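The next block holds one structure in the form of structure tokens; read it before the comments.
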Amino acid sequence: MSVDDGPSNDTLAALASLTTCDVSRRHARRLRSRCHALLQRQATANRSAAAMPHGSAFRRMFAPALGAAWCVAYLLEIVRRAAAAFVGTE
Amino acid sequence: VSRLTGWRVMTPMDRDCERLLVGRLRAGDTGAFDDVYQEYRPRVFGFLLRLSRNRTLAEDLLDETWLRLVRHAPRLTPDTRIGPWLFTVARNLYWSARRDSLVEETSAPELLTLWPASAPWPSPFDLAAAGELERRVEVALSTLSRQYREVLLLVGHEGLTPREAALVCGISSEALRQRLSRARALLAARVRQTPAIAELKKGYAT
């Protein structure tokens with residue numbers, strides 16, 4: 001028997017006829033609901049990302065740049081005021 | 001736990017139908033998920049149950065297997081074979097759980113865990129329906145090592161081709177062929193050694 005002959009002998013044939021077992025209907029329903037919810041969440045997220053190409057670009061580039069600019073301005077203002085206070089006390 | 005009354009018929013999913021289902025799954029179609037779930041849930045559960053011989057663990061691993069399918073659905077390739085994919089995940093989860101020493105298997109060769117949880121002992125009707133040969137094969141199968149059990153279940157019970165089973169087990173086709181051959185011989189020997197119910201009754205009577 002070659003490797004591709006499949007279950008051709010008696011032992012494997014007996015194995016094929018073993019009774020199928022399953023989880024309880026309640027368990028099956030609960031698992032199905034969880035999977036459906038997850039699938040729908042994923043599908044919604046994918047649709048949102050596809051519908052707002054500019055939104056993703058905003059999140060990736062513009063928002064970090066805006067944040068960085070604000071931080072730099074804040075830092076410069078602190079330095080300027082510190083310098084002004086230092087010069088004022090001299 | 002429900003126990004299906006009919007014999008499972010080996011109906012490998014049509015390839016075109018499978019491609020279609022994979023495409024719908026990737027798109028997040030719950031209807032496609034239901035089709036796959038109905039077809040494979042009992043098969044994956046039976047595989048895990050017979051492999052682990054632990055109902056609670058088998059149920060947990062079944063849940064995780066399906067959740068992984070859903071999480072991975074958008075990344076499935078169009079030519080994904082759903083059956084082998086599910087059995088690979090289920091098998092890997094089982095071996096991972098075993099490695100983490102989370103598995104405490106019963107040493108008893110009986111497969112009582114295969115019977116409904118609400119009724120710890122099979123009814124006479126269940127016993128009669130299960131059939132003598134099935135009982136002996138179940139008992140013999142449960143005495144084999146896990147490596148032998150998994151190849152026998154995948155090829156002999158689930159109808160995977162040896163090539164698919166080799167992929168699921170992460171071994172070469174040649175290694176699988178050898179393992180399957182040894183497992184089959186061992187199973188046949190154990191089935192012969194397993195006493196029939198008639199012999200057991202005779203033993204009790206004397």
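Here is a yes/no grid of residues against (1) of a type in the set (Ser, Thr, Tyr); (2) crowded, with 20+ Cβ neighbours inside 10 Å; (3) more than 16 Å from the chain's Cα centre (by Cα); (4) in a helix (DSSP H, G or I):
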| residue | (1), (2), (3), (4) |
| --- | --- |
| B:VAL22 | no, yes, yes, yes |
| B:LEU25 | no, yes, yes, yes |
| B:GLN38 | no, no, no, yes |
| B:LEU49 | no, yes, no, yes |
| B:LEU61 | no, yes, no, yes |
| B:LEU67 | no, no, yes, yes |
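The residues on offer are B:GLU138, B:GLU164, and the sole one that is at the interface with another protein chain (Cβ under 7 Å from one of its Cβ atoms) and either crowded, with 17+ Cβ neighbours inside 10 Å or not polar (S, T, N, Q) (or both) is B:GLU138.
Listed here are the residues, each with its yes/no results for (1) more than 12 Å from chain A (Cβ to nearest Cβ); (2) within 16 Å of B:LEU69 (Cα to Cα); (3) modelled with pLDDT under 90.
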| residue | (1), (2), (3) |
| --- | --- |
| B:GLY6 | no, no, yes |
| B:PRO12 | no, no, yes |
| B:ARG15 | yes, no, yes |
| B:VAL22 | yes, yes, no |
| B:LEU57 | yes, no, no |
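Of all residues in segment B:30-49, those satisfying the criterion of being more than 8 Å from chain A (Cβ to nearest Cβ) and either over 25 Å from A:ARG41 (Cβ atoms) or not hydrophobic (A, V, I, L, M, F, W, C) (or both) are B:GLY31, B:ASP35, B:GLN38, B:GLU39, B:TYR40, B:PHE47, B:LEU48.
For segment B:158-167, check the following and say yes or no: at least one residue is under 21 Å from the mean Cα position of the chain (by Cα), over 26 Å from B:THR80 (Cβ atoms) and modelled with pLDDT under 90. Looking through segment B:158-167, none of the residues is under 21 Å from the mean Cα position of the chain (by Cα), over 26 Å from B:THR80 (Cβ atoms) and modelled with pLDDT under 90.
Taking every residue in segment A:12-27 that is more than 7 Å from chain B (Cβ to nearest Cβ) and pairing it with any residue that is of a type in the set (Gly, Ala, Ser) and outside any loop (DSSP other than H, G, I, E, B), at least 6 positions away or on another chain, the pairs with Cβ-Cβ distances below 9 Å are A:ALA13/B:GLY156.
Restricting attention to segment B:27-36, the residues that are within 17 Å of B:ARG75 (Cβ to Cβ) and in a helix (DSSP H, G or I) total 3.
The values are calculated or read from the model by the stated rules, or taken from the named source; none is laboratory data. Computed from a prediction, not measured in an experiment: that's the story for all the values here. Every residue, glycine among them, receives a Cβ derived from its backbone with ideal geometry; neighbour counts consider all protein chains shown.
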